[in-house]
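Student: Quick one: the structure is below, and I'll ask about it shortly.
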Amino acid sequence: MAFWAAIPMIASTGSGIAGQKAAQDAAISGAESSARIEQMNREYQQKVFDKNIEAQKPFYEAGKTAIDPYARAVRGEGNAMSSGLAQMQKGLLAKDTASMSDYVKNLTSGRLEAEEGEKYKGRLLDLQQIGLGVSGSAGRTASNLGTSLAQSYAREGQTELAARMGEQTALSNMWTQTMDTLSGLPAYYEASKGQQSSRQKPDYGYGSGLNQPYGNNIA
Amino acid sequence: MGRFSIKDVLDPGGAVIDKVSGGNKTTKDILNIATAGIDPTTAIYRGMEDPDSVSSYLADPMDLFGKRADAALDEQQRVAEGSAAAGISSLEQQQKQIEELYAPYYDQAVSALPQLQAMIMGGDVDYTPSKLYDYQKEIGERNIRRRQASKGQLGSTATKTKLASFYGDLAAEEAERAYGGYLSQVKMGTGAESAVSASGERTATNVGSLYGNLGQQQQAIYGNYGTARQSAYSGLANTLSGLSQYMMTQGG
């Protein structure tokens, strides 16, 4: 009888171990599920960032085109009369002064060049500031994205780490429980045989030294 | 969750059982039966008849519990994900409305940008003299001519110089008006872009919080599921332990 009595005893240990394994599997599944959600979160954050940058790009690109011309204009190397506004005014004045003498025409164009030379720099600055403004916005967006991604990775790492650390503990517990049970078997058999030969009456309590290693100590 | 076997996990080669049994076939059978799976009731009764056939009766005793727990887990996940999805959808809807409000300003700015660039950097400027320009020119020319006529200098170079200077002022004003108009349009567009961008970031942050909460909820849901399963197994373990004690006290 001792032979079969050992089966539920060992199975009891097995059940306790299975419980630990089930809890651990669930913790890992929870961490994996959480990781998938964090991945979705990061993809969403990246999508918003990309969309914002895409919207900022036309202004940024336009501003960038003014950087070199402005630097040249500051050094007095630029050609202010190539601007669209200078050409526009030149066209208007050409019609208005068509019937006038070269002297007057030269006077007019000389004034236009002098004034446009200064205005040109200011307008190039305007265009750069448009680019710079959206660059600031892009920087803020990038900073927010970086923060969001870092937080998301941190949450994911923390969750997975906790689950993996729990796994290590659970494995260790499972080993310990199994080894305790297995190593206690010989003594159990011997004790059980003794009990069988003496025909002791059943003892449902836990006072018997025979029962103690396998009592309700599993959970 | 499938059937759990201690042996598969901890002693797949059977080395531990071999060692512990010390070559005793009976002990080895017990250990093999007990560790091959955990449907002890079936294992015990069938094993009594034919120990070698025990493994075919072993199954996960948590099947019934597992199915119900799995269903509860699915339902909890559905609720959590549904709640998060509704929140995200609501936030996206608000963001879409904001984008639609600002879209005309943004679109106008983007379409005005090439003109502004052409005005500054060079290129074709799509320009037609304004009505104000035509009006000011007409009034200005008349006033200058009248003044010069009153001085008897109508056809003089001085009159032409005054007129040319006036035309220069007028052209410069016209250019500034055109430039100012396009510049304002573009600036309104960048303002609209900034507002939409900031709103998008707030939406993303809020959506991120929803995702973060959902992740924690999933973790908690699985944690509860695991705790419940462990508790069920523990209950079974205690029952089996009691059974073991009972069988032993029967003494044979």
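The values are calculated or read from the model by the stated rules, or taken from the named source; none is laboratory data. Bear in mind that the values here come from a model prediction, so they are computed numbers and not experimental data. Every residue, glycine as well, gets a Cβ built from its backbone with ideal geometry; the counts of neighbours run over all protein chains shown.
Student: Filter segment A:102-149 down to the residues that are within 7 Å of chain B (Cβ to nearest Cβ) and either more than 55 Å from the chain's Cα centre (by Cα) or among the charged types (D, E, K, R) (or both) and list them by number.
Tutor: Answer for segment A:102-149, where residues must be within 7 Å of chain B (Cβ to nearest Cβ) and either more than 55 Å from the chain's Cα centre (by Cα) or among the charged types (D, E, K, R) (or both): A:VAL104, A:LEU107, A:THR108, A:ARG111, A:LEU112, A:GLU115, A:ARG123, A:ASP126.
Student: Let me ask something else. Among (1) surrounded by fewer than 16 Cβ atoms within 10 Å (Cβ to Cβ); (2) within 29 Å of B:LEU154 (Cβ to Cβ); (3) of a type in the set (A, V, I, L, M, F, W, C), where does A:MET100 come up short?
Tutor: (1)
Student: Something else: Please return the ranges of helices (runs of 4 or more DSSP H) entirely within segment A:1-101 where 3 or more residues are among the hydroxyl-bearing types (Ser, Thr, Tyr).
Tutor: Fully inside segment A:1-101 and qualifying: A:2-65.
Student: Quick check on segment A:19-48: of everything there that is more than 29 Å from A:ASN173 (Cα to Cα) and among the β-branched types (Val, Ile, Thr), which residue is surrounded by the most Cβ atoms within 10 Å (Cβ to Cβ)?
Tutor: In this case the residue turns out to be A:ILE37.
Student: Out of segment A:58-86, which residues are more than 11 Å from B:MET121 (Cβ to Cβ) and facing another protein chain (nearest Cβ under 7 Å)?
Tutor: If the condition is that a residue be more than 11 Å from B:MET121 (Cβ to Cβ) and facing another protein chain (nearest Cβ under 7 Å), then A:PRO58, A:PHE59 are the ones that fit.
Student: Something else about it: In the list B:GLY140, B:GLY123, B:GLY155, which residue meets the criterion of being over 28 Å from A:PHE59 (Cα atoms), touching a helix residue (DSSP H, G or I) at 6+ places or on another chain (Cβ under 8 Å) and not charged (D, E, K, R)?
Tutor: When all the criteria are applied, what remains is B:GLY140.
Student: Quick one: would you say A:THR159 is out of contact with any Cys (no Cβ under 9 Å at 6 or more places or on another chain), surrounded by 18 or more Cβ atoms within 10 Å (Cβ to Cβ), under 17 Å from A:GLN24 (Cα atoms) and modelled with pLDDT of 80 or more?
Tutor: Yes: the conditions hold for A:THR159.
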